[in-house]
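Working notes for the structure below.
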Amino acid sequence: MFLHPKRIIRLTKECCRQAYDNIRLFIAKHLPLEDKIVFCQHEGKGMMDDPKYIALELLRRKSKVKMVWLLNNMNTPLVEGIKAVKYGSVDALCELYTAKIWVYNYKGMFLPPTKRKGQYYIQCWHGSFTPKMLEQDTEETLPKDYIERSKADSKLIDLMYSNNDFKVNLFKTRFWYKGQVIKSDSPQLSVVVNPPQGLREKVCKYFSLNSDVKIVLYAPTLRSDISLYAFDYNKIMKALGEKFGGSFVMLLRIHPSVAEQSKQLNYSQRVIMATDYPDMDELLAVSDVLLSDYSGVAYDFATRRMPVFLFSKNHAEYIINERKQYFTQEELPFPMSTTEDELIKLIREFDNNKYIHDLETFYNKIGWVENGHGAENIADIIEMKLSE
């Protein structure tokens, strides 16, 4: 059987490219390590969360370290001083093999199978606190390939951290991880605790809002049934306006995994899709009220001691069939409503003094400490490691 000449040429090119890539990787593994950090946020989805604020702190310090960001979409905007590299590419592997520091916020992502001597891997995880069970505690429901990747990832990690004792203990005992875990403020909450001047105006301009409008951010956790996100948004905003005063708009921050499906929800000039906004923490920093369900963003937002309301249409079914919780709903500082009428009742009966008391009690219970210095803390560790 004879191959067509064009197929021979194509196969030859592929073999040459593979050989070239193998040579590049072999060389990269043997080059001296550089004062370089490779950042990656949730499988290359952009510049946000802890990695973003660690990088910004290093830039603020005018650190001479090289910074690389792994991206799926190479058109994603980055700040000046950070190099974009395609996630999952040979170029990315070469950067990882030659960098002294790796900073990721999600386990089981694209990493070399081994780590070179002198390399340091900081695993930020994603989210400060969540009542939902994680990793080993949900092993029976996790995909087998994820479990394998997560276990392999844990063998490479050098440092994990959290702003609460509960999560510190989870990292130590439930993440297939035996390395160092420290107590530290969360880098991404630096913008929530200490928002920069002009941030609210920046967000309002992005969404074409008047700067005096009040914002309720609706940020639920990932759900497969998009109809669970649908309710009478205007009725809830009316109740919020009657309770807290002012005119409310609602920003809907739906999980990126179901963003396309969420386009079928009822948007308007006062109900705005905010999933594509590049930084969730900036939205938390400027919103007046948060509406969620089981997402850990509730605890991040409440750092500002602003009102949080929880709403889930199928609360009982979710707890039983989808995601077990570490705490009963009664132990959490935010009561759960399952109907619009219950949610409106919670809004109308909101008692700020009781809310602050319940919140402080819960934060004390989990050992939550957050002063907005996480980016500085982790940047200090990075600079120390680079100087060794």
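The values are calculated or read from the model by the stated rules, or taken from the named source; none is laboratory data. Just so it is clear, the model here is predicted, and its values are computed rather than measured. Note: ideal-geometry Cβ built from the backbone for every residue, glycine included; neighbour counts use all protein chains shown.
State the number of residues belonging to segment 334-388 that are part of a helix (DSSP H, G or I) and of a type outside the set (Val, Ile, Thr).
Final tally of qualifying residues: 30.
Table: residues versus (1) surrounded by 18 or more Cβ atoms within 10 Å (Cβ to Cβ); (2) more than 25 Å from Cys204 (Cα to Cα); (3) modelled with pLDDT of 95 or more; (4) in contact with a Ser or Thr (Cβ under 7 Å, 6 or more places away or on another chain).
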| residue | (1), (2), (3), (4) |
| --- | --- |
| Glu282 | yes, no, yes, no |
| Val289 | yes, no, yes, no |
| Ile320 | no, yes, no, no |
| Thr338 | no, yes, no, yes |
| Lys345 | no, yes, yes, no |
| His357 | no, yes, yes, no |
| Tyr363 | yes, yes, yes, no |
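Restricting attention to segment 114-124, report how many residues are in a loop (DSSP other than H, G, I, E, B), farther than 12 Å from Asp153 by Cα and of a type outside the set (Lys, Arg).
3
For segment 210-223: of the residues being touching a residue at least 60 places away in the same chain (Cβ under 8 Å) and within 17 Å of Val289 (Cβ to Cβ), which is surrounded by the fewest Cβ atoms within 10 Å (Cβ to Cβ)?
So, considering only residues that are touching a residue at least 60 places away in the same chain (Cβ under 8 Å) and within 17 Å of Val289 (Cβ to Cβ), the one surrounded by the fewest Cβ atoms within 10 Å (Cβ to Cβ) is Lys214.
Please go through segment 235-247 and pick out each residue that is assigned to a helix (DSSP H, G or I) and either aliphatic (A, V, I, L, M) or farther than 23 Å from His315 by Cβ (or both).
Here is the first cut: in segment 235-247, the ones assigned to a helix (DSSP H, G or I) are 235-244.
The answer is Ile236, Met237, Lys238, Ala239, Leu240, Gly241, Glu242, Phe244.
Before we move on, is Pro307 in the same structural domain as Ala230 (by TED's automatic domain parsing) and closer than 15 Å to Asn164 by Cβ?
No; evaluated as a whole, the condition is false for this residue.
Among the residues of segment 66-88, which ones are at pLDDT 95 or above and out of contact with any strand residue (DSSP E or B) (no Cβ under 8 Å at 6 or more places or on another chain)?
Hits for segment 66-88: nothing passes.
Take the residues of segment 130-159 that are farther than 23 Å from Phe327 by Cα and among the aliphatic types (A, V, I, L, M): which is surrounded by the most Cβ atoms within 10 Å (Cβ to Cβ)?
For segment 130-159, the residue satisfying everything is Ile157.
I'd like the residue in segment 176-199 that is surrounded by fewer than 17 Cβ atoms within 10 Å (Cβ to Cβ) and touching a strand residue (DSSP E or B) at 6+ places or on another chain (Cβ under 6 Å) and, out of all such residues, is farthest from Glu370 (Cα to Cα).
Initially, segment 176-199 is screened for residues surrounded by fewer than 17 Cβ atoms within 10 Å (Cβ to Cβ), giving 178-180, 182-183, 194, 196-199.
Narrowing the set further to residues that are touching a strand residue (DSSP E or B) at 6+ places or on another chain (Cβ under 6 Å) leaves 180, 182.
Numbers: Gln180: 20, Ile182: 14 Å.
Checking each candidate, the answer is Gln180.
Any idea which residue in segment 56-113 is surrounded by the fewest Cβ atoms within 10 Å (Cβ to Cβ), counting only those that are assigned to a helix (DSSP H, G or I) and among the β-branched types (Val, Ile, Thr)?
Val90
Could you tell me which numbered condition Glu43 fails, if it satisfies all but one of (1) assigned to a helix (DSSP H, G or I); (2) modelled with pLDDT under 95?
Against the list (1) assigned to a helix (DSSP H, G or I); (2) modelled with pLDDT under 95, Glu43 comes up short only on (1).
May I ask you to say which residue of Glu330, Glu340 is farther than 23 Å from Phe244 by Cβ, in the same structural domain as Asp281 (by TED's automatic domain parsing) and more than 21 Å from the chain's Cα centre (by Cα)?
Matching residue, one of Glu330, Glu340: Glu330.
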